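Below is one structure, written out as structure tokens, with a few remarks after it.
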Amino acid sequence: MEAVALITGASRGIGRGIALELARIGCSLAINYAGNRAAAEKTAADCESRAAGHGHAIRALPCQADISTSAGRQQLLDFTRDRLGRLDLLVNNAGVAPAVRADLLDASEESFDRLMSINLKGPYFLTQLAARWMIAQTQSPPGPDYAPKIVIITSVSAYAASVNRGDYCLTKSALSMLTALFAVRLAPHGIPVYEIRPGIIDTDMTSGVKEKYDRLIADGISPIARWGTPEDVGRAVAALAQGALPFSTGEVINVDGGFHLRTL
């Protein structure tokens, strides 16, 4: 039976890139989305087509759920269990940027609460639910090769300060600690947890600041002088899904063109 991955925020952008790469290696998918059903259905269809092109028959199923709510998180896990039967990989990808990039001295509580709820609270408690299910599955595995994993998508904003989106930076920094916490807690159960830290990625979220980042890339902000793509992130997730780092947990995998390197 094929492995099953649950990806939050998978209808577009980085989540879509992850879904396509996991489909390529033969994972069936629960494709979570918040509101854009048409985009989620297209991603699902594209994933099944991509898998077929690589000799795999998978199921890719869209599931609308608001991960910022307890009911939404439970709905998502129930959907995955009822429709796909197992969970091998959780990818916490869903996240939002501030509606308005506001200076730190002008930022609103409303924006802070929204980002904390979606970007941090959602992954924290969804990981808790998924981990409980994964532990139960390790005790009665769905297959002889069952090896569950959890991946958390953060950002270089976990450490690179942007004073016009402080709430976003705080959520990404906190997700790094979330990775460490669950890595320690789940290691005795044989469940590794990884953080993937993308850099400047070409998505809808960055489209509004494209000219700014074009200039920064041209000026050498990262050693690899190009935009990253959702596929770049997806390939990193696929490598982890295939067990590329069996003696690692809590690891940070930078997918940032070398942005994290300090140079003189």
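Can you confirm whether residue 152 is closer than 19 Å to residue 27 by Cβ, of a type in the set (Val, Ile, Thr), buried (at least 16 other Cβ atoms within 10 Å of the Cβ) and in contact (Cβ under 8 Å) with a residue 24 or more places away in the chain? Judged against the criteria, residue 152 is a match.
On inspection, residue 30 fails the criterion of being buried (at least 24 other Cβ atoms within 10 Å of the Cβ), in contact (Cβ under 8 Å) with a residue 60 or more places away in the chain and either among the hydrophobic types (A, V, I, L, M, F, W, C) or farther than 29 Å from residue 140 by Cα (or both). Scanning segment 26-41 for residues that are within 17 Å of the chain's Cα centre (by Cα) and either closer than 16 Å to residue 52 by Cβ or part of a strand (DSSP E or B) (or both) yields 27, 28, 29, 30, 31, 32, 33.
Count, please, the residues in segment 41-95 that happen to be of a type in the set (Asp, Glu) and either over 21 Å from residue 24 (Cβ atoms) or surrounded by 22 or more Cβ atoms within 10 Å (Cβ to Cβ) (or both). Qualifying residue count for the region: 4.
Sub-6 Å Cβ pairs linking a first residue in segment 5-18 that is modelled with pLDDT of 95 or more and of a type outside the set (Gly, Ala, Ser) to a second residue that is part of a helix (DSSP H, G or I) and crowded, with 24+ Cβ neighbours inside 10 Å, at least 6 apart or interchain, are 6/80; 7/15; 7/18; 7/19; 14/233; 16/43; 18/234; 18/237, ordered by first then second residue.
Rundown of residues vs (1) surrounded by fewer than 17 Cβ atoms within 10 Å (Cβ to Cβ); (2) assigned to a helix (DSSP H, G or I); (3) in contact with a Gly (Cβ under 9 Å, 6 or more places away or on another chain), yes/no style:
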site: 196; (1), (2), (3): no, no, no
site: 214; (1), (2), (3): yes, yes, no
site: 222; (1), (2), (3): no, no, yes
site: 236; (1), (2), (3): no, yes, no
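Inspect segment 82-104 for any residue being in a helix (DSSP H, G or I), at pLDDT 95 or above and under 25 Å from residue 186 (Cα atoms) and give the result as yes or no. Looking for residues that are in a helix (DSSP H, G or I), at pLDDT 95 or above and under 25 Å from residue 186 (Cα atoms), one finds at least one in segment 82-104, hence yes.
As a summary of the residue check, residue 246 satisfies the conditions (1) part of a helix (DSSP H, G or I); (2) under 30 Å from residue 26 (Cα atoms) except for the one numbered (1). Given the criteria under 23 Å from residue 37 (Cα atoms) and either in contact with a strand residue (DSSP E or B) (Cβ under 7 Å, 6 or more places away or on another chain) or among the charged types (D, E, K, R) (or both), does residue 77 qualify? Here the answer is no, as residue 77 does not meet what is asked.
In this structure, is residue 184 in contact with a strand residue (DSSP E or B) (Cβ under 7 Å, 6 or more places away or on another chain) and either under 28 Å from residue 104 (Cα atoms) or at pLDDT 95 or above (or both)? Taking the combined requirement at face value, the residue does not satisfy it. For segment 155-164, the criterion of a residue being outside any helix (DSSP H, G or I), buried (at least 21 other Cβ atoms within 10 Å of the Cβ) and not small (Gly, Ala, Ser) is satisfied by no position. Taking segment 105-123 as the range and being surrounded by fewer than 16 Cβ atoms within 10 Å (Cβ to Cβ) and either touching a residue at least 40 places away in the same chain (Cβ under 8 Å) or outside any helix (DSSP H, G or I) (or both) as the test, the residues that pass are 105, 106, 108. Out of all the residues in segment 125-148, is one or more of a type in the set (Ser, Thr, Tyr) and either crowded, with 21+ Cβ neighbours inside 10 Å or under 17 Å from residue 71 (Cα atoms) (or both)? Checked against the condition, which is being of a type in the set (Ser, Thr, Tyr) and either crowded, with 21+ Cβ neighbours inside 10 Å or under 17 Å from residue 71 (Cα atoms) (or both), segment 125-148 yields at least one hit.
The values are calculated or read from the model by the stated rules, or taken from the named source; none is laboratory data. Predicted model only: the values in this text are computed from it and were never measured. In this analysis, Cβ positions are derived from the backbone assuming ideal geometry, glycine residues included, and neighbour counts consider all displayed protein chains.
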